[in-house]
1. Can you find, within the stretch 1-55, the residue that is surrounded by the fewest Cβ atoms within 10 Å (Cβ to Cβ) among those that are more than 16 Å from Ser84 (Cβ to Cβ) and among the β-branched types (Val, Ile, Thr)?
2. Restricting attention to the stretch 160-186, which residues are surrounded by 21 or more Cβ atoms within 10 Å (Cβ to Cβ) and among the hydroxyl-bearing types (Ser, Thr, Tyr)?
3. Could you give every pair whose Cβ atoms fall below 6 Å, whose first residue belongs to the stretch 59-75 and is crowded, with 16+ Cβ neighbours inside 10 Å and of a type outside the set (Asp, Glu), and whose second residue is at pLDDT below 95 and assigned to a loop (DSSP other than H, G, I, E, B), counting only separations of at least 6 or pairs across chains?
4. Please go through the stretch 170-189 and give me each residue that is within 19 Å of Asp35 (Cβ to Cβ) and assigned to a strand (DSSP E or B), ordered by number.
5. Of the conditions (1) more than 16 Å from the chain's Cα centre (by Cα); (2) modelled with pLDDT of 95 or more; (3) under 26 Å from Asn37 (Cα atoms), Phe219 clears all except one; give me its number.
6. Restricting to the stretch 1-51, name every residue that is among the charged types (D, E, K, R), without any contact (Cβ under 8 Å) to a residue 60 or more places away in the chain and under 24 Å from Cys220 (Cα atoms).
7. Which of (1) free of Cβ contacts under 8 Å to residues at least 24 places away in the same chain; (2) closer than 21 Å to Gly228 by Cβ; (3) touching a strand residue (DSSP E or B) at 6+ places or on another chain (Cβ under 6 Å) is the odd one out, the single condition Ala130 does not satisfy?
8. Out of the strands (runs of 3 or more DSSP E) lying entirely within the stretch 25-139, which hold 1 or more residues that are farther than 18 Å from Pro240 by Cα and among the small types (Gly, Ala, Ser)?
Amino acid sequence: MIVTGGGGFLGSHLVEKLLSLGHSVVAIDNFCTGDRNNLKYLKSLPGSAERLRFIEDDCTKPWPELLGDVKDLTWVFHLASPASPPLYQQMPLETLRVNTTGLKEALMYATPRGARVIFASTSEVYGDAAVHPQPEHYWGNVNSFGPRACYDEAKRFGEALVYSWNQVHGTRHGLVRIFNTYGPRMNPSDGRVVINFLKQLVEKAPITIYGDGKQTRSFCFVSDMIAGFLAYATSDLAEPVNLGNPKEFNMLELADVVKSLDASYSCNFEYRPMPVDDPKQRQPDIGKAKKLLGWAPKVELREGLAEMHRWLKSVL
């Protein structure tokens, strides 16, 4: 197995799961947004010394030179990409490149070896959605000329590349559209809402609310996301499938759940202007995942937040 972005949040959890299932894994990460503590953790896992090879490099480079010839290759999981709006806006060209050139390298490497590429796409392909909840057949409402375009349009191009590659080469590479995911090992400097709120809770700082706090998100715990990712990989699907938790919360509701994790927390909210092109609603329609993969999330929000809170307190 190959996992790009293997030192990142989702990537490290995927590598851990694959190792626990007895697979050998080649992970690639240049740590532009990943956390080196994740690599330290992965190297401590049973079997990692024998079955984990970690390459610290840029996966947009030619893969034959980067990897050599990986034997008995079944899956290539392409997760490498900045995913946090503050971070990908600092690295727009790198974000565009890893989701286009990096994905093309994965497809060129996997196809002659009979391996299946699974591309980590995103709910951001729906943009500021005019349809709610978002089903896979909705084409989206995306600004191609704005601060979020480097991520949103790179992922949309990646989806088109997977589709076109399959049409030309007769392959069955696939992709999942990942909705907001949270859990331990997310970079504390990531900048997305869950880690921000929990970090502010731990540091006894005011919780930052953008706009009026009525914008909504749906939050999936990382173990559920990885289970969905692997369910898709073991299927024969080549079409997009949403993975996420369909329970929707606005930011004020999320902040209240976070505050409830620490009875001693007494800070007020701090309100700031809404970022440009920030979606107003985000909720996955997971009917296809339920029907075709037999998958649905299990972890409730407060349960997942409590586990992430315990982890964050241990690392800050």
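The values are calculated or read from the model by the stated rules, or taken from the named source; none is laboratory data. In this text, all values refer to a predicted model and were calculated from it rather than measured experimentally. So basically every Cβ, Gly included, is an ideal-geometry build from the backbone, and we count neighbours across all protein chains shown.
1. Among those that are more than 16 Å from Ser84 (Cβ to Cβ) and among the β-branched types (Val, Ile, Thr), it is Ile55.
2. Selection gives Thr181, Tyr182.
3. none
4. Ile178, Thr181, Tyr182
5. Answer for Phe219: the failing condition is (1).
6. Within the stretch 1-51, Glu16, Asp29, Arg36 meet the criteria.
7. Exception for Ala130: condition (2).
8. Working: elements: 25-28, 52-55, 75-78, 116-122.
In the stretch 25-139, the matching strands (runs of 3 or more DSSP E) lie at 25-28.
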